[in-house]
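The numbers here are math on the coordinates, done by the rules we state, and not lab data. Since the structure is predicted, the reported quantities are computational estimates derived from the model, not experimental observations. Methodologically, a virtual Cβ is constructed for each residue, glycine included, from the backbone with ideal geometry; neighbour enumeration extends over all protein chains shown.
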Amino acid sequence: MSVDDPLFEYAAEVLSFGFKDAAEAVPPDQGAPDAMERIIARCLAAFARSGRKHMALLGLGSGFVAKALASSLPHGALVVCEQDVELARSLSRAGRLGWWRREGGARLALDASPWALLFLFDRAAIRLDDLFVLPNPELDPARKVRLRTLETLLCRSRLLGPPPQVPAPRLSVAAIVSPAEPELQCFFAQLPPWLHELVLVWDAEHLPSMNLPRAFPVWQTARPLARDFAAQRNAMLAACTGDWVFSLDADERLSDIDWAALPLLCAYPDICAWHLPRVTVYPTPGRALAGYGLWPDVQLRLFRRAPGLSYVGSVHERLTGLAGRQAVSLDLEIEHLSRLRKGEAEIRRKLEGFDEAAAGSVRHTLSAEYPSVPRSLLTSHRTMLPRGLLLPDAMA
């Protein structure tokens with residue numbers, strides 16, 4: 001296995017980081033030897049019957065099953081998935097992750113987010129249709145429930161074929177923005193000239209004096225945020241006239257190649273919405289925050305405009321009323337520059353605004369340190385056409 005194996009490098013970075021107040025997990029006890037041997041035999045037999053190239057073992061458990069399978073399965077066949085980072089750390093300290101090493105025969109996919117584990121399989125060039133997904137038999141029912149979202153994503157997501165050739169849609173780019181947002185001209189400069197329109201809702205009493213793009217129509221209005229992000233986005237949505245809407249924040253960017261690929265995502269007739277991964281660039285342009293759900297930070301941003309759509313929730317608002325299948329892009333990504341471009345005081349003020357909008361239901365904190373990985377580890381294996389996964393209905 002290459003020293004550039006993204007699964008090893010990612011897990012190693014996540015394991016090397018720990019919050020100072022995190023409670024240490026207690027590894028579960030191993031089962032009786034005879035019972036564990038029977039479990040291992042059943043796991044190996046089930047994998048052989050599946051005819052798949054890889055086994056995704058969901059959950060480390062005591063570490064016994066993972067260790068036994070790592071020594072029994074062919075080199076590179078086993079990937080153990082774990083969402084409890086503290087459990088993985090405690091098993092490592094107890095010497096129960098000896099099978100996991102650079103260029104070893106078995107791999108560890110580690111992150112609190114099931115979306116991260118889904119994307120890590122893609123970045124490691126492991127196809128979902130090559131996976132035999134097996135919840136660790138030694139897990140208690142509560143831990144199996146916590147891994148159910150990951151199991152659903154791995155078992156029921158389907159790789160989409162090439163998009164049909166249809167006329168390009170009218171695409172509205174829409175944003176709620178503040179006149180105080182830094183580098184607004186850079187935000188505008190990324191927008192391609194073929195857009196149907198740009199819709200701006202300013203958090204202000206009056207429209208600011210601003211140089212706006214001239215390549216396409218720009219519709220704008222000013223209305224104070226008043227601690228209600230959903231109302232602001234609904235005003236934004238009501239002004240859009242395109243066939244599809246792409247919602248983007250002022251501190252977010254897309255590459256030129258990703259802008260060019262957006263119309264291709266809109267071409268699938270049965271898909272009404274796309275989720276895009278978001279990469280938070282920090283602490284340098286060459287690194288990105290990762291671990292603990294910080295990546296891929298999947299965002300529903302591209303959707304077919306239709307009657308009945310509405311945002312709900314004063315903070316961390318979500319779009320409701322979608323009718324149709326949803327998909328997630330494996331290649332297009334939103335580059336999030338907030339941590340890189342804004343100072344700590346400015347970010348804290350932004351989080352305090354979120355707290356006010358949530359009226360005490362959510363509390364946002366800003367940690368001085370987070371794990372980060374080279375952005376190259378998160379880069380997709382891009383082809384000529386953008387790839388996407390059709391999501392199971394349960395994830396919509």
What's the angle, to the nearest 10 degrees (0 to 90), between helix 6-16's Cα axis and the longest principal axis of the chain?
90 degrees
Using the charge dipole of the chain (Lys, Arg: +1 at Cβ; Asp, Glu: -1 at Cβ; taken about the Cα centre), state which of Leu391, Leu332, Leu171 has its Cα farthest towards the positive end.
Leu391
Across 5 Å bins beginning at 0, the whole-percent shares of Cα-Cα pair distances in the stretch 46-109 come to 4, 19, 31, 26, 13, 5, 2
Listed by chain and number, the residues whose amide H is under 5 Å from that of Ala25, excluding neighbours fewer than 5 places away on the same chain and using placed H, are Ser90
Quick one: if you stick a label point 7 Å off each Cα along the C-beta vector at Asp243 and Asp34, how many nm between them?
6.7 nm
Which log10 I(q)/I(0) values does the stretch 171-395 give at q = 0.07, 0.08, 0.10, 0.13 Å⁻¹ under the Debye formula, counting every alpha carbon as one identical point scatterer?
-0.22, -0.29, -0.46, -0.81
Cα→Cβ-extended label distance, 7 Å offset, between Ala323 and Ala125, nm:
4.4 nm
Value of [θ]222 nm, deg cm²/dmol, for the chain, DSSP H segments ≥ 4, -39500 (n - 2.57) each, nearest 500
-8500 deg cm²/dmol
Efficiency by 1/(1 + (r/R0)^6): what FRET value for Arg223 and Gln185, r their Cβ-Cβ distance, R0 = 25 Å, to the nearest 0.05?
0.65
Out of Arg304, Arg375, Arg318, a Gaussian network model of the chain with alpha-carbon springs under 10 Å gives the largest mean-square fluctuation to Arg318
Percent relative contact order for the chain, counting Cα pairs under 8 Å at least six residues apart, stands at 17 percent
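Compute the semi-axes of the equivalent ellipsoid of the chain, taking the square root of 5 times each eigenvalue of the Cα gyration tensor, and list them largest first in whole Å.
Here the semi-axes work out to 41, 24, 18 Å.
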Dipole in debye (nearest 20) - the stretch 171-395, about Cα centre, beta carbon charges: Lys, Arg +1; Asp, Glu -1
220 debye
Under a 5 Å amide H to amide H cut-off, with H placed in plane at 1.01 Å, what residues pair with Leu58 once short-range neighbours are removed?
Cys81, Leu134, Asn136
Estimated vicinal HN-Hα couplings, Hz - the stretch 331-338 in sequence order (Karplus 6.51, -1.76, 1.60; Gly, Pro = x)
10, 5, 9, 8, 8, 9, 9, 4
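Please compute the length gained on full extension between Ala22 and Leu159, using 0.36 nm multiplied by the number of residues separating them and subtracting their Cα-Cα distance. Write down the numbers at each step before the final one.
Values: separation 137, 0.36 × 137 = 49.32 nm, distance 3.74 nm.
Fully extending the segment from Ala22 to Leu159 adds 45.6 nm.
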Phi to ³J(HN,Hα) by Karplus 6.51 cos²θ - 1.76 cosθ + 1.60 over the stretch 53-68, Hz, x for Gly, Pro
7, 10, 10, 9, 8, 8, x, 7, x, 7, x, 5, 4, 4, 4, 5
List the residues, sorted by chain then number, that are 5 or more residues from Gly293 or on another chain and whose placed amide H is less than 5 Å from its amide H.
Ala112, Ser113
FRET E, pair Ser255, Asp140, Förster distance 35 Å, beta-carbon r, rounded to 0.05:
0.20
Quotient of Cα Rg and 2.2 N^0.38 Å for the stretch 6-156, N being how many residues it contains
0.97
What do you get for GluC sites (Glu not before Pro) in the stretch 1-73 restricted to DSSP loop and a cutoff of at most 11 other Cβ within 10 Å of the site's Cβ?
Glu24
